[in-house]
Structures are given as structure tokens and as C-alpha cells.
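The values are calculated or read from the model by the stated rules, or taken from the named source; none is laboratory data. Not measured: the values here are computed from a predicted model. Glycine gets a Cβ as well: all are built from the backbone with ideal geometry, and neighbour counts include every protein chain shown. These accessible areas exclude ligands, DNA and RNA; they are computed on the full protein's heavy atoms, side chains included. Shrake-Rupley method; radii C 1.70, N 1.55, O 1.52, S 1.80 Å.
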Amino acid sequence: MGWLGVVSVVLCTACGASRSSAVRPQAAQETPPGAQAVLAEEYPSSTRRYVDEDLGFEIVRPTAEWQLDETEEQNAPEGMAIPVVLKHRTTGAQVVLQVAPAVATPTQFAERLSEGLKEQPGFVASDPEPLPLSDSAVGFNFTVEGGVRGRVAVTEGSPGRVFMFLATWPETAPEDVNRSVEALFGAVHPLPEPG
């Protein structure tokens with residue numbers, strides 16, 4: 001199937017991104033091997049840092065309004081992992097982080113994702129454009145019939161990996177939700193290579 005299979009997994013996740021049935025609360029589970037969550041919940045305005053050494057990333061939650069949930073989808077098809085979903089408590093925004101093998105450039109992934117969403121009934125997607133997250137980052141917006149807006153960002157991850165973000169939120173959410181989502185995209189960083 002190749003990297004087109006990875007794109008199919010991403011599209012399936014995009015279609016169901018506003019549902020959280022596959023997510024379980026972090027407090028109710030063990031941390032997966034290679035990952036560690038460092039919490040500072042006693043101070044509501046403090047950050048929450050999540051590190052996954054196996055997938056090579058860390059997230060520093062930008063505000064206390066973002067809730068991080070680990071998922072069970074650590075070994076999705078084609079080498080893809082969907083390690084975390086972040087939910088904004090007040091706007092209803094949800095961001096799914098996916099880590100895929102770097103079988104294509106971020107631009108190629110974004111172009112395929114945009115085209116794939118355009119083929120889905122009820123979806124309207126813009127063309128990919130460069131994003132200020134990194135030199136390799138590209139992204140686009142989309143809407144879904146039924147009052148859902150979304151944003152996709154793709155950037156280089158740790159060596160041999162690509163990070164893909166799929167964000168959705170209700171059309172009725174405040175105008176500043178896009179800035180909040182962009183802040184979360186910028187809160188995910190590849191871990192440096194050991195040595």
C-alpha cells in the first residue's frame with residue numbers, strides 16, 4: 001500500500017476527529033513504554049509536559065485549557081501512530097497528533113491529504129500553504145457539512161518521521177480558536193537525536 005495507505009489512515013482520522021471514543025483519560029491508564037508524562041496540575045496555569053521517547057516528540061501544553069489524552073492507537077497500519085489527542089475545554093477544539101514514517105515530504109503529505117479530503121462527501125479543503133512552524137511545515141483549512149471547521153498541519157518530526165496534526169472545532173466556536181490551535185501545533189517538538 002505504501003505511503004498512500006498512511007494518507008488513508010489520516011483521512012479516516014480526520015473524518016472521525018470530532019469523536020473521542022478511542023481516547024481514554026490519561027489518569028486512568030499506565031504510560032506506554034518509552035513515554036513519560038510529567039504533570040504539574042497543582043498549579044492551574046502551569047504547563048503540562050508529555051514526552052514520548054519512542055516516537056521522538058514532546059508536547060508542552062500551551063495553556064491549562066488543553067486536556068491531553070493518550071490513545072490506544074500506538075501501532076496503526078503502515079507504521080503510523082496516533083499517540084495523543086488534545087481537547088480544548090472551552091472551545092470544543094480537538095487536535096489529533098499523528099506520527100508517520102517519512103515516506104514522503106510534508107508538502108507531499110499535505111497535498112495528498114487536501115486532495116483526499118476534497119473527494120470526501122461534505123468536505124471542502126483549501127490548497128496547502130507554508131506555515132511558520134518550521135521550514136518544512138505546510139498546512140490547509142477544511143470545513144465539513146454539519147458545522148465543523150478544521151485545520152491540518154504537516155511538518156518534519158524526529159529523524160525518519162513526519163508529524164501530522166488534524167484539528168477540528170465547531171463552527172460556532174469563538175474566532176480566536178484558530179490561534180489557539182496554531183499555538184498547540186507549535187507546542188509539539190521533535191526530541192533531539194541522542195548523542
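Summary of computed values
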| item | result |
| --- | --- |
| Qualifying residues in the range 183-195 (those that are closer than 24 Å to Gly79 by Cα and free of Cβ contacts under 8 Å to residues at least 12 places away in the same chain) - the one least open to solvent (accessible area, probe 1.4 Å) | Pro192 |
| The range 122-181: number of residues that are without any contact (Cβ under 8 Å) to a residue 60 or more places away in the chain and closer than 22 Å to Ile59 by Cα | 20 |
| Among the candidates Ser114, Ser180, Ser158, Ser126, residue that is surrounded by 16 or more Cβ atoms within 10 Å (Cβ to Cβ) and either more than 24 Å from Arg48 (Cα to Cα) or among the basic types (Lys, Arg) (or both) | Ser114 |
| Within the range 119-137, tally of residues that are charged (D, E, K, R) and at pLDDT below 95 | 2 |
| Among (1) in contact with a Phe, Trp or Tyr (Cβ under 9 Å, 6 or more places away or on another chain); (2) within 18 Å of Pro174 (Cα to Cα), the one test that Val103 misses | (2) |
| Per-region count, the range 161-172, residues buried (at least 18 other Cβ atoms within 10 Å of the Cβ) and closer than 17 Å to Lys87 by Cβ | 5 |
| Residue check, Gly92 under 18 Å from Val177 (Cβ atoms), surrounded by fewer than 18 Cβ atoms within 10 Å (Cβ to Cβ) and in contact (Cβ under 8 Å) with a residue 60 or more places away in the chain | yes |
| Identity of the residue in the range 64-78, surrounded by fewer than 16 Cβ atoms within 10 Å (Cβ to Cβ) and modelled with pLDDT of 80 or more, that ends up farthest from Gly147 (Cα to Cα) | Ala64 |
| Test: Val103 is within 17 Å of Arg151 (Cα to Cα), modelled with pLDDT of 90 or more, out of contact with any Pro (no Cβ under 9 Å at 6 or more places or on another chain) and among the aliphatic types (A, V, I, L, M) | no |
| Residues being part of a loop (DSSP other than H, G, I, E, B), in contact with a strand residue (DSSP E or B) (Cβ under 9 Å, 6 or more places away or on another chain) and farther than 22 Å from Gly79 by Cα - total across the range 101-123 | 2 |
